[in-house]
Amino acid sequence: MTATIAEINPVETDGGQESSPVSKRLILDMDPNELIRTSNVRPADLDAELVESIRENGLVQPVVATPYEDGLAVILGNRRTVAAIEAERTVDVIVRYDLGADALRIVAQLIENIHRRNMTESQIAAAYAQLAMDLGMSESEIAKKVGKKREAVRASLKLHQMPQTTKDAVDSGQMDLETALALGSFESDPKAYKRLSEAAAQGKSKLDYRLKEEEKKRERDIQLAEMKAKLLKDGVQVVPKPVGLSYSSGKEVHLHQIEGPDGEKFTPETHAECPGHAACIENYAYSDPKPLFICRDPKRYGHTVTSYYTYKTPEEEAADAARNEEAKRQQEERRQALAIARELRMEGVQKLCQSKKLPKGLLLASLEVLFVLGFERTDRTRSKALDFLGVAKPGEDQAEDFKIKVGRMAEARQPLVAVAMAAAVMEEKIDLVGQAWGSAHRPNVIWWFEVLESAGYTLCDPEAELLDTLREQEERAKAEEAEANAEEEEEWDDEGDDDQDAEASAEPEPTGGEDEEAADETEGDESGEVVSLEELYPEIDEPIAA
């Protein structure tokens, strides 16, 4: 179809000479297929209603084009042009000779669409990016051309660099541009960006909280980086916080916990020459980060640790291991020796319990044991008592075994039963003194060994060594108790007379009778003390041991 061209701004003449070129021309009823469709800042999405309207009424608004290569390129109206082709209708075209450059074409498209508010944020951002990257326009130049503030142009350019999911969230109104920019500032941190993207999918409130959290974390990371850089600049080695530093259980210690050879305290400046000088950064969420200056190996560098310190060098560890091994060996030898001694002692007590005549004092001592400590009715204690009485192989019913054995004894020899029962009780106490909690039985065991010696039993070497050890421990315990009592009395003496009178008047009067006092004196199991029958009954003149 032949187009008719009408001049809108005819060429002006001055004496037959053209003074200026024509800036606009109108082409009527042009075939839209002859137009060159350029990339548009807004996609040419069609809908059926638009196509049907153009098919029925034609294209009311002309398309704007500019000369391009050998034809005309559409500047404004790509969507209408495509719709006219679909409707098989011609279009009117305004040819603009002043918009031939790509930059001006894009700017014209932007002006038309932005101010009509029918472009999305991501489409505007894409257009700005085309102007900036393809055509080299600055933010200020773009802002001036499209009539927007420079900050808005900068924000759109940043949006263009974000993932499509973020652009879609902004276009749909799920996220405003300001929030999107805040999220985009974390692109250099993939993990944080992933967390923020996941939060964005859960709603704005979730994203706002996560953004604030990540911003705080980033600020803290910047603080830490600056602090570390300053320490390194000052020549301080920066190390991760050592495990156990807060509890002084590691090799490294704080500077305030060490002293020099002359007892001088260290500062970061005076300790800087030490090869072990270093710093770690304490980083708690509730306070600002701060450097902690430490010595990485105070023993190696000749410092004295003034606080609790459990670290040991490899040499010390090896020495401790050797000592522990030796102690275990000695303990095992001692255990075996005492086991043999127990067998010999059991045989000796058995002979005493089966003898025709008891050594003087042994029966009384046995009764004292039973009266003060009692007879523990356990299978093990009963078995020992039966062994001492000579029941070599007790049956399942120990009570029946006991009845049979005692029933066969002459009444004159039945007191031996008390000796066997007392010896069984004391064997249990001897086993207990080797335990950490057995110190309460120490006086009883010492006394029993002395009773056996008085009855004619000769202690073997392991038993004699055990007895000496128990005596030393008992003397040491008494000395410590006396020292503690003396200190307590001294504290009482330091108080005023009024306080002493008040304490004296506050003491309760005894509420029990003589029977209660006697019962208290006979208590021995908890206190560990054996109260002799002579103390309870002065009329007994015979000594307990012969």
Q) For labels at E347 and D92 in the simple 7 Å Cα→Cβ model, what's the distance in nm? A) 13.6 nm
Q: Tabulate in residue order the Karplus-calculated ³J(HN,Hα) for segment 375-388, using 6.51 cos²θ - 1.76 cosθ + 1.60 with θ = phi - 60°, rounded to whole Hz; enter x for Gly and Pro.
A: 9, 6, 7, 10, 4, 5, 5, 5, 4, 5, 4, 5, 4, 4
**Q.** Under-5 Å amide H pairs with M30, H placed in peptide plane, nonlocal only
**A.** V91, D92, V93
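What FRET efficiency do you get for N324 and E453 if R0 is 30 Å and r is their Cβ-Cβ distance, rounded to the nearest 0.05?
0.30
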Q: Report the extension gain between I36 and Q237 in nm, rounded to one decimal, defined as 0.36 nm multiplied by the number of residues separating them, less their alpha carbon distance.
A: 65.6 nm
Q | segment 132-199, accessible area per residue, ligands and nucleic acids excluded (1.4 Å, Å²) | A | 59 Å²
**Q.** Of all accessible heavy-atom area on segment 266-336, the percent that carbon and sulfur account for (1.4 Å)
**A.** 50 percent
**Q.** Gain on full stretching of the segment that runs from R476 to C460 - 0.36 nm per residue minus C-alpha separation
**A.** 3.3 nm
(Q) What does the net charge come to around R220 if you take all other residues with beta carbon closer than 14 Å to its beta carbon, with K and R at +1 and D and E at -1? (A) -3
Q.
Full-extension gain between E333 and R195, please, as 0.36 nm times their residue separation minus the C-alpha to C-alpha distance.
A. 43.2 nm
Q: Using only C-alpha positions, report the orientation-averaged shadow area of the convex hull of segment 424-470, nm², one decimal.
A: 3.1 nm²
Q: Would you mind counting up the charge near V170? Only other residues with Cβ under 9 Å from its Cβ, with Lys and Arg at +1 and Asp and Glu at -1.
A: -3
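Please sort 229-242, 322-335, 272-285, 418-431 by packing, taking for each peptide the average over its residues of neighbouring beta carbons within 10 angstrom, highest first.
On the way: 229-242: 12.9, 322-335: 10.6, 272-285: 15.0, 418-431: 22.4.
Ranked from most to least packed, the peptides come out as 418-431, 272-285, 229-242, 322-335.
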Q. Say each of M409 and T469 gets a label point 7 Å from the Cα, pointing the same way as Cα to Cβ; how far apart are those two points in nm?
A. 3.3 nm
Q) If you count, for each residue, the other Cβ atoms within 10 Å and average over each peptide, how do 183-190, 407-414 line up from highest to lowest? A) 183-190, 407-414
Q.
How much accessible area per residue does segment 232-323 have, counting only protein heavy atoms and a probe of 1.4 Å, in square angstrom?
A. 61 Å²
Q. Say the cut-off is 25 Å between C-alpha atoms; which of K217/K290; K351/K405; K167/K191; K299/K328; K429/K478 go over it?
A. K299/K328
Q. When the accessible area of segment 378-431 is split by element with a 1.4 Å probe, what percent falls to carbon and sulfur?
A. 51 percent
Q. According to a simple spin-label model (label point 7 Å from Cα along Cα-to-Cβ), what is the distance in nm between D431 and D29?
A. 12.5 nm
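With the other protein chains left in place, how much accessible area per residue, in square angstrom, belongs to segment 382-460 at a 1.4 angstrom probe?
Normalised by residue count, the accessible surface of segment 382-460 is 47 Å².
The values are calculated or read from the model by the stated rules, or taken from the named source; none is laboratory data. Owing to the predicted nature of the structure, the values given are computational and were not obtained by experimental measurement. When we count neighbours, we look across all protein chains shown, and the Cβ atoms used for this are built from the backbone with ideal geometry, even at glycine. For accessibility, only protein heavy atoms count, side chains too; no ligands or nucleic acids. Shrake-Rupley method; radii C 1.70, N 1.55, O 1.52, S 1.80 Å.
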